[in-house]
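Here the structure comes first, spelled out in C-alpha cells, and everything after it is commentary.
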Amino acid sequence: MTENGKRLRLGIDIGGTFTDFVLVDEVSGSIRTYKVPSTSSNPADAVLAGLKILQPGPHPYIIHGSTVATNALLERKGARTALLATQGFKDVLAIGRQTRSELYDFFTDRPEPLVPSDLRLEVEERIDHQGGIITPLKAEQIPALIAHLKDRGVESVAICLLFSFVNPIHEQLLAQALRDEGFQVSPSCEILPEFREYERSSTTVINAYVAPIMGGYVGLLEERLQTRDFYIMQSNGGITRAEVVRAEPVRAILSGPAGGVVGSQYIAKQAGFERLISFDMGGTSTDVSLCDGGIQVTYEGGIGGFPIRIPVVDIHTVGSGGGSIARVDPGGVLRVGPDSAGAEPGPVCYGQGGTSPTVTDANLVLGRLAAETFLGGRMELDEEASEHALEVLADEAQLRSVGALSSAQVAALGVIRVTNAHMERALRVISVERGYDPQDFVLVSFGGAGGLHAVELARAVGIPRVLIPRWASTLSAFGMLTADILKDYVQTVMLPGNITYEELEGRMGGMMERGVKELVEQGVNSKDISLHREIDMRYVGQGYELSLPLSSEFNRDFHVLHKRRYGYSAPDAPVEVVNVRLRAVGYVPKPSLPLKQAGDADPAVAFMERRSVVLNEDRADLVPFYSGERLEPGNELVGPTVVIYKDTTIFLAGGDRGVVDEGENLVVEISNNE
C-alpha cells in the first residue's frame, strides 16, 4: 500500500501464445506492460516468470484471467468426477437435447459426457415441481454411495437432483455428507438453481470437473504471490476473489476474452465512442463482441460442445490467430486454422522448432512485420525460415510467382486473405446477422495480431473507423483492472404474468440481501454496491425466454422487447415469469489513463525508415515505418504505412488516415479505396 491508500495494480491474462502483464502505479499514474511466452505444461510458470521481471513489490492488487479451467475442459484433463442424480435420471447428461450443432452432417457425434456411465449414480429420492417431498432421502444409502465413490477413485462429485432449484434439502444433505468425507462437491442448488435438467446438469458437472484443477492452480498462486487482494476475472465481465472461484470455477471459464471486452469498452468510452465492436486477435483465436452502449451478456453459452447456463459476455470466437497454421487440404484448397502453433513450438519464424507456416509467418514475408523489433527486440524473427515454409506451401497449393512477387509472397497473401475471410464472417455474425448496421460502430482492435488485420476487416464489413488503443497488445489484462466486483444470482419461480410488481420484489428480497452480504465480505463498501434486477419472461407455451430489467411495467416491456427482437408480439396472449435474476455490482477504483495535449500533426520524429511491403497481388512498394512509442497526440499518418510498437504492429492500407488522440490511441478513418 502506498500513500493515500493507493497501490500497485497488476492485471495478468494468459493467452494461447503469450501471457500478458499490465502494471499500473496509482500514485504516479504510470503503466508498464510486459509479455512472456505462455507455458502450456504449467501456466503458473509464465505468470511467476513475468512477476519476477516486473517485481510489483509486496501485496499488490492482482487480477488474473486464467485459461486453466478452459484448457482442462477442452483437453479433457479434469478431475475424475461422479454425478449423483434422482433415480431414473442419471442419463440426462448423455441424452442431452435433440438439437445438432451440424444440422446437415450425418456423421457428427456429440462429445462424450465428462462423467462416464459407471460414475453416473442414482439416488433414491424425489421432490415434486412445487418442492414437496414425494420420496424422502434415505440416510442409510449414503454410506454405500460414499464407499463406491472412494473405491472408484472419484475426486469430485456433482449433485443434480430433480427440482432441487425449488427445494434443495436433499442436495444439501448429500453435499454435507460428501464434504465431511473430503470430496470436492458441486451441488446444482449452489451452482445453478434454475430449471432445464440438461443445462443444469451440464453446468454443474463442468464445475465439478474443473474444480480440483482450478483450486490447485489458484492455491499455488495464492501461496507464491503473497497478496491479500487476489481476484479472478469471471466470464460475466466482473471480478471476484480467488477463493470464490475455487468453489465455482465454471464462472471463470471464459475469463480472458471477457477482460478484453471490458477493456475495449472502457477505452472506447474515454475516446468518445459508445457503440463499438471489439476485435481481439491473439495468437490462437479471434474474439469479437458488440457493445451497443453496454456489454451484452448471454445465458446460452457453451464450450467444447457442452452448454453452460451461467451469464457470460456475448462473444463470438473463431480459430484464427497469429499462430493459426496454414495448410492445403486434400482437394488442393488453402486452409488456415483452427489448429494453432501456440507458444510451443510457435510460428516458424520463432525458431523454436515450428515447421508449419502460420499467419505471423505470412505477415513477416509480406514485409508487414519488422523481424528485429518483435517484442521490443527481445525475440528476433527468422524471415528466411518463414519464407522457406511458405515456399513449400506454395508448391503444395501449386502457386507460382506473379510479377515482382515470389511464390512465397503469393502464398502469404493467400493466407492473409483466407484468415481475413474467417474474421470478416465473425464480425458479420455479431452485427449484420443481428440487425445492426456496422456503419454505426467503431471497431476497437486489440490483441498482439489485431493491428495487422483490423483496417482491412473494417473496410470489408463497412465499419467507418478503427480505434487501436495504446495498450492494444495487452488490453485484456488492462481490461481486468477496469472491471468491477460482480455477482450474478438466479432462481426459477414459474409465476403467472398477472403477478404484481410488489410480489416479484418480495420474491427477490432474500437474493438481494445475499448479494449485498457477499460483496461486503469481498471488501466492498456498502455505499459502492448497486443491485440490478431482471426477470426472464415468455409467452405461455414458448420454449425460451427473454431477459429484461424488472420494472413496474414489466408486462408491457416484455411485449415491446419481443417485438423488437422477433418482429412481432401478442399483447393479449398469456405470459409467465420463469426466472428472477440479480446482478450485484461492487464498484472499484479504475486506473486513470494519462492524457496528453494534442500538438503537431507531423510524425517525423517517429519516422524510422522505408521498407518494401507487399500491398496486393501485383504490387510491393516502399512504405514508411514509424515507432509507435514516439508518436504524439495530434500526429497524422496516411497509408500505406506501418506503425511498430514493442508488442504489436499496425498496418494501414493506401488512403487510410490515422490520428493519434489525447489518450495516445490511434483512430483510423477508413478509405473506400479497394
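Each reported figure results from applying straightforward, stated rules to the coordinates on display, with no laboratory input. As the structure is a computational prediction, the values presented were derived from the model and not from experiment. All Cβ positions, glycine included, derive from the backbone under ideal geometry; neighbour counts span all protein chains shown.
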Name the shape class, rounded, prolate or oblate, that the alpha-carbon gyration tensor gives for the stretch 76-206, where a ≥ b ≥ c are the square roots of its eigenvalues, rounded holds for a/c under 1.5, and otherwise prolate holds if a/b is larger than b/c and oblate otherwise.
-> oblate
Tell me, what HN-Hα J-couplings in whole Hz come from the Karplus equation 6.51 cos²θ - 1.76 cosθ + 1.60 at θ = phi - 60° for each residue of the stretch 259-276, using x for Gly and Pro?
-> x, x, 5, 4, x, 5, 5, 5, 5, 4, 5, 5, 8, x, 10, 9, 10, 8
Length added when fully stretched, residue 587-residue 657, from 0.36 nm per residue minus Cα-Cα | 21.4 nm
Subtracting the Cα-Cα distance of residue 45 and residue 607 from 0.36 nm times their residue separation yields 198.5 nm
Counting only residues 5 or more apart in sequence or on a different chain, those whose built amide H sits under 5 Å from that of residue 254 are 235
Pairwise centroid distance, computed over Cα atoms, of the stretch 116-144 with the stretch 412-433, Å = 50
Calculate the dipole size of the stretch 412-484 relative to its Cα centre from +1 charges on Lys and Arg beta carbons and -1 charges on Asp and Glu beta carbons; express the result in debye to the nearest 20.
-> 180
Relative contact order (percent) for the stretch 76-206, with alpha-carbon contacts under 8 angstrom and 6 or more residues of separation?
-> 30
Can you give the extra length, in nm with one decimal, that the chain gains between residue 28 and residue 329 once fully stretched, where that is 0.36 nm per residue apart less the Cα-Cα distance?
-> 103.0 nm
Note, the stretch 133-143: 3J(HN,Hα) by Karplus (6.51, -1.76, 1.60, θ = phi - 60°), whole Hz, Gly/Pro = x, goes 8, 8, 10, x, 6, 8, 4, 5, 7, 5, x
Tell me, what HN-Hα J-couplings in whole Hz come from the Karplus equation 6.51 cos²θ - 1.76 cosθ + 1.60 at θ = phi - 60° for each residue of the stretch 559-570, using x for Gly and Pro?
-> 4, 5, 5, 5, 5, 5, 7, 10, x, 8, 8, 9
Tell me the label-point distance for the pair residue 181, residue 434, using the 7 Å Cα-to-Cβ offset, in nm and rounded to one decimal.
-> 4.5
Might you report the magnitude of the Cβ-based charge dipole of the stretch 604-669 about its Cα centre, with Lys and Arg at +1 and Asp and Glu at -1, to the nearest 20 debye?
-> 280
For every helix of n ≥ 4 consecutive DSSP H residues, a contribution of -39,500 (n - 2.57) applies; sum these over the chain, divide by its total residues, and give [θ] at 222 nm rounded to the nearest 500 deg cm²/dmol.
-> -8500 deg cm²/dmol
Dipole magnitude (debye, nearest 20) for the chain, charges at Cβ of Lys, Arg, Asp, Glu = 700
Please name which of 215, 343, 168 has its Cα lying farthest along the dipole of the chain towards the positive end, using unit charges on Cβ (Lys, Arg +1; Asp, Glu -1) and the Cα centre as origin.
-> 168
What FRET efficiency do you get for residue 513 and residue 300 if R0 is 30 Å and r is their Cβ-Cβ distance, rounded to the nearest 0.05?
-> 0.60
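Taking Cα pairs under 8 Å and at least six residues apart, what relative contact order does the chain come out at, in percent?
12
When only C-alpha pairs under 8 Å and at least 6 residues apart count, what is the relative contact order of the stretch 235-384, in percent?
It rounds to 15 percent for the stretch 235-384.
Apply 1/(1 + (r/R0)^6) to the Cβ-Cβ distance of residue 129 and residue 352, taking R0 = 60 Å, and write down the FRET efficiency to the nearest 0.05. Mind dumping the intermediate values first?
On the way: r = 58 Å, r/R0 = 0.96.
That pair, residue 129 with residue 352, gives E of 0.55.
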Of the options 614, 85, 472, report the single residue whose Cα projects farthest towards the positive end of the charge dipole of the chain (beta-carbon charges: Lys, Arg +1; Asp, Glu -1).
-> 85
Those lysines that a straight Cα-Cα span of less than 18 Å connects to residue 269, excepting residues fewer than 8 apart in one chain = 590, 596
